[in-house]
Amino acid sequence: HNELNQALQSDEVWYSFELFPPKTERGRENLRIKLNQLAELEPLIVDITWGAGGSSNTTSLRICKRAQQLHGLNTMLHLTCVSMTREELKQVLQSAKEKGIQNILALRGDIPKGGKKVDNGLNHAVDLVKFIRSLHEDYFGICVAGYPEVHEEAESPEKDLFYLKQKVDAGADMIISQMFFDPKIFLDFKNKCREIGIKCPIIPGIMPIMSYSGFTRMTKFTTVNVPKEITEELEKIKDDKIKVIDFGVNTCVKMCKELIKEGVEGIHIYCLNQFRPVERIIKGLSLRSSRYRRPYPWRRSTIQKRRG
Ligand code: FAD
């Protein structure tokens, strides 16, 4: 108990790891190995993404269960509402509860190609936050997504922030950001959130560059701004896989150091089901195990306790 209390009182930066459900048997085998290794780094939480198309959803639940039962990790299940009926959402939440999952990242998701909206469904993440709270009160810790560079469908940057605040007011405990590659963009976003009265933790989502092709593919589909220094350096080394990984790790460590200096409470790493680069980042930042920060340092009760 002492150890746990000490950790909750401490201002040490914690880290969480995001993984995705693999589609192939080879991918599943890889994830079993990587999860085992990642667990050794003792993250505060491991979260598993959710396919808005529905194909891998039982896998997401299964991975969460495995991470908890086999590795003793605390987990967060991503859940999208846009193409699911209320009854389906209710069943997933019940199943998550039965599996001991205590945190949900409540998302709208994108309607998959060929998919359609469901009748009487939930249209925005805020509706899902309300839905979860109405069914399960405070049982789940709820996180929501925030966009430092504004969500692509937003009516305006101000409206995007306004809706983000609605999600928090509806009961979300914490915001995790979309990836970005310029710390200043995240810090400006965080300030703007504070200006409109968002008080909960706002955690940077960090995407380490792990391969040239993966990185260019990912950034092409989003509106994320990549600083010129990064693109120029990557172009020079793009044919050398090892150099790209080294560069990705170093860039990530540099960026996180800057964010930690500016007072972020935690770092959320999009691990892409990899281990080595993630390990190097955690070691490069000299971050200590987040294990004893469990279960939820962002929950209101815990935050109140920390503030004494
Ligand atoms: P919302 O908060 O509903 O916002 C969507 C858009 O609608 C925004 O433009 C917003 O300004 C606007 N809006 C919000 N509320 C209202 C309202 N009440 N009235 C009118 N307009 C409104 N996708 C997946 O499919 N699976 C995942 O596991 C997944 N994980 C993610 C994790 C993180 C950390 C992030 C940042 C994103 C993730 N996504 C995931 C992507 C996400 O589903 C998409 O970005 C989606 O387009 C928006 O989801 P949202 O929850 O932010 O939506």
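The values are calculated or read from the model by the stated rules, or taken from the named source; none is laboratory data. Quick caveat: nothing in here was measured; it's all calculated off a predicted structure. For neighbour counting, all protein chains shown are included, and Cβ atoms are generated from backbone atoms with ideal geometry for every residue, glycine included.
Summary of computed values
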{"item": "Residue check, Gly100 of a type in the set (Gly, Ala, Ser), at positive phi and more than 9 Å from the ligand (Cβ to nearest atom)", "result": "yes"}
{"item": "Residue ID - farthest from Val144 (Cα to Cα), chosen from residues in the stretch 68-95 that are away from the ligand (no atom under 14 Å from the Cβ), without any contact (Cβ under 8 Å) to a residue 60 or more places away in the chain and buried (at least 20 other Cβ atoms within 10 Å of the Cβ)", "result": "Leu73"}
{"item": "Given (1) more than 11 Å from the ligand (Cβ to nearest atom); (2) out of contact with any Asp or Glu (no Cβ under 6 Å at 6 or more places or on another chain), index of the condition Pro183 fails", "result": "(2)"}
{"item": "Every residue from the stretch 96-128 that is small (Gly, Ala, Ser), out of contact with any Gly (no Cβ under 7 Å at 6 or more places or on another chain) and closer than 22 Å to Ala154 by Cα", "result": "Ala106, Gly109, Gly121, Ala125"}
{"item": "Count of the stretch 261-275 residues which are more than 16 Å from the chain's Cα centre (by Cα) and buried (at least 18 other Cβ atoms within 10 Å of the Cβ)", "result": "1"}
{"item": "Residue within the stretch 156-167 that is more than 15 Å from the ligand (Cβ to nearest atom), among the hydroxyl-bearing types (Ser, Thr, Tyr) and surrounded by fewer than 20 Cβ atoms within 10 Å (Cβ to Cβ) present", "result": "no"}
{"item": "Matching residues, the stretch 36-67, being surrounded by fewer than 22 Cβ atoms within 10 Å (Cβ to Cβ), among the hydrophobic types (A, V, I, L, M, F, W, C) and more than 21 Å from Cys143 (Cα to Cα)", "result": "Ala39, Leu41"}
{"item": "Output for the stretch 262-279, where each listed residue is among the aliphatic types (A, V, I, L, M), under 18 Å from Leu187 (Cβ atoms) and assigned to a loop (DSSP other than H, G, I, E, B)", "result": "Val264"}
{"item": "Pairs, first closer than 15 Å to Leu164 by Cα and part of a strand (DSSP E or B) in the stretch 192-214, second at pLDDT below 95 and of a type in the set (S, T, N, Q), C-beta under 8 Å, six or more apart", "result": "Ile203/Ser16"}
{"item": "Near pairs, Cβ below 6 angstrom, 6+ apart or cross-chain, from the stretch 104-128 (at positive phi) to any residue that is of a type in the set (A, V, I, L, M) and within 7 Å of the ligand (Cβ to nearest atom)", "result": "Gly109/Ala52"}
